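Working notes, structure below.
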Amino acid sequence: MNEPHHAYSRLQQATELLDGIILQPQYPADSVMDRYFSTHRKMGSKDRGFAAETVYACLRHRRELAALALPVAGEAADTAAWLVGTYLLKYSGWSARALEQAGFGGDAVALVERVRALDMFEFPLAVRANLPDWLSESLVKQFGEAETLKLAEALNHPAPVDIRVNTLKTDRDALKQTLAAAEYEMDPTPYSPFGLRRDKRGPLFNTDAFRDGGFELQDEGSQLIGFLLDPKPKQKVVDFCAGAGGKTLQLAALMNNSGVLYACDVSEQRLNRIKPRLKRAGVDTIQRRLLHDENDTRLKAWWGKMDAVLVDAPCSGTGTLRRNPDVKWKSVDIGALHALQRSILTAASQLVRPGGRLVYATCSLLDQENHAVVEEFLSQHPDFSILPADSIFKTHGIELKDAFTAGGAMQLLPHRHGTDGFYAMAMQRHGTGDSE
């Protein structure tokens with residue numbers, strides 16, 4: 001192969017960037033990366049691309065890379081320098097000589113011999129899957145070893161670029177043609193009727209189609225959740241954990257920009273990110289509401305009055321590891337998340353009118369955050385019953401295979417559906433009395 005130009009600076013930049021991400025686990029990797037690039041403005045586009053690709057690959061394969069380097073590096077095996085060096089040898093075709101000439105401080109010859117000689121099946125499943133032990137054990141318990149390895153392999157590949165067509169301004173065929181004319185070829189997503197997909201990354205946000213509000217970036221799996229809520233024009237709808245408003249904007253489009261849609265969140269910063277998106281999308285029915293917490297007393301005025309409520313609950317994010325590989329190396333308290341999810345779902349359910357719909361959703365792969373939360377909620381709220389997800393999708397003409405649990409929920413998995421991992425359960429409130 002042709003050795004990379006500027007190998008020394010590229011190795012140093014990738015190592016510095018990965019080190020910053022590892023040492024600042026409280027921040028998302030993409031935000032650390034953005035700050036790094038903003039303070040290194042002289043880096044060219046190719047240098048930035050090399051750094052980003054190398055760092056994200058190291059985060060995806062961190063467990064395996066550290067295990068490979070361990071006999072040579074000792075306790076330093078899980079540091080940025082050794083992770084980057086091992087990745088470049090194993091996956092990028094670098095030679096030991098190239099690594100040494102680029103300033104790698106370790107024994108590159110011994111490392112390359114280790115990489116070439118090792119049979120990966122000598123490692124435990126968690127190492128081969130590039131997962132922390134706790135997550136590997138949870139997934140094996142749910143899916144079995146063979147399925148977990150397939151799931152992990154999918155999680156360790158970069159996700160495609162999915163966009164959702166803004167049907168208030170255009171349709172999928174027209175947008176596809178518009179983007180193709182701008183040299184962005186995209187294919188229809190297999191499940192969402194409003195989705196387009198592209199395997200290659202590119203500055204889609206620089207297109208006139210984006211500036212004119214023709215689309216939003218949104219994973220196909222996330223798009224499908226909106227169909228489960230199935231909001232209608234002129235209804236009163238609440239997105240209880242709206243965040244920056246990705247799903248909120250889709251709900252507004254499904255409602256044909258009529259009725260009223262409340263975007264609620266406990267973070268003012270996240271809610272403020274909705275404002276420019278509303279203007280671009282041509283939506284004027286969304287009202288933002290900053291909440292103190294899920295039990296904010298001001299919510300009592302809405303009790304029993306909402307036609308549909310979406311609870312896209314805060315979660316471990318384990319279904320998004322294709323896009324956010326740093327998430328799997330962060331500490332997480334699943335028990336605390338479970339308690340918060342249950343509390344949020346209970347609070348949000350009080351807003352639903354009799355006959356109205358409630359959808360609980362997460363981007364988690366774990367039963368404890370999904371089925372267990374819904375099961376506990378339903379056991380304590382007999383006025384809610386399950387609406388089978390497969391039946392809802394049939395009414396929309398959406399065909400999903402192997403995507404439904406025995407309990408009636410939708411469960412999307414990257415290795416089966418090509419989406420991020422999502423869970424969603426639709427429920428209906430029945431009864432005609434007061435809602436308390």
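Quick look at the values:
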{"item": "Filter result (more than 21 Å from residue 66 (Cβ to Cβ), among the small types (Gly, Ala, Ser), over 22 Å from the mean Cα position of the chain (by Cα) and part of a helix (DSSP H, G or I)) within region 10-56", "result": "38, 45"}
{"item": "Those residues of region 385-413 which are open to solvent by 10 Å² or more (accessible area, probe 1.4 Å), touching a helix residue (DSSP H, G or I) at 6+ places or on another chain (Cβ under 7 Å) and not β-branched (Val, Ile, Thr), in sequence order", "result": "396, 400, 402, 404, 407, 408"}
{"item": "Failed item in (1) of a type in the set (D, E, K, R); (2) open to solvent by less than 10 Å² (accessible area, probe 1.4 Å); (3) within 16 Å of residue 229 (Cβ to Cβ), with residue 369 passing the rest", "result": "(3)"}
{"item": "Test for residue 83: is it closer than 24 Å to residue 330 by Cβ and assigned to a helix (DSSP H, G or I)", "result": "yes"}
{"item": "Only listed residue being open to solvent by 40 Å² or more (accessible area, probe 1.4 Å), of a type outside the set (Gly, Ala, Ser) and under 28 Å from residue 159 (Cα atoms), chosen from 47, 78", "result": "78"}
{"item": "Qualifying helices (runs of 4 or more DSSP H) (wholly inside region 192-265; at least 1 residues being under 22 Å from the mean Cα position of the chain (by Cα) and more than 30 Å from residue 296 (Cβ to Cβ))", "result": "208-211, 220-229"}
{"item": "Residues of region 170-190 satisfying the condition of being surrounded by 15 or more Cβ atoms within 10 Å (Cβ to Cβ) and outside any loop (DSSP other than H, G, I, E, B)", "result": "172, 175, 176, 178, 179, 188"}
{"item": "Selection count where residues are surrounded by fewer than 17 Cβ atoms within 10 Å (Cβ to Cβ), of a type in the set (D, E, K, R) and farther than 16 Å from residue 327 by Cα, scope region 124-143", "result": "2"}
{"item": "Residues of region 317-342 satisfying the condition of being open to solvent by 20 Å² or more (accessible area, probe 1.4 Å) and not in a helix (DSSP H, G or I)", "result": "323, 324, 330, 331, 332, 333"}
{"item": "Pairs where the first residue, in region 96-120, is modelled with pLDDT under 95 and the second is surrounded by fewer than 13 Cβ atoms within 10 Å (Cβ to Cβ) and part of a helix (DSSP H, G or I), C-beta under 7 Å, 6+ apart", "result": "102/8; 103/8; 114/71"}
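The values are calculated or read from the model by the stated rules, or taken from the named source; none is laboratory data. What you see is a predicted model; the values in this text were computed from it and never measured. We place every Cβ from the backbone using ideal geometry, glycine too, and count neighbours over all the protein chains shown. Side chains are part of the model used for accessible areas, which takes the heavy atoms of the whole protein and leaves out ligands, DNA and RNA. Shrake-Rupley method; radii C 1.70, N 1.55, O 1.52, S 1.80 Å.
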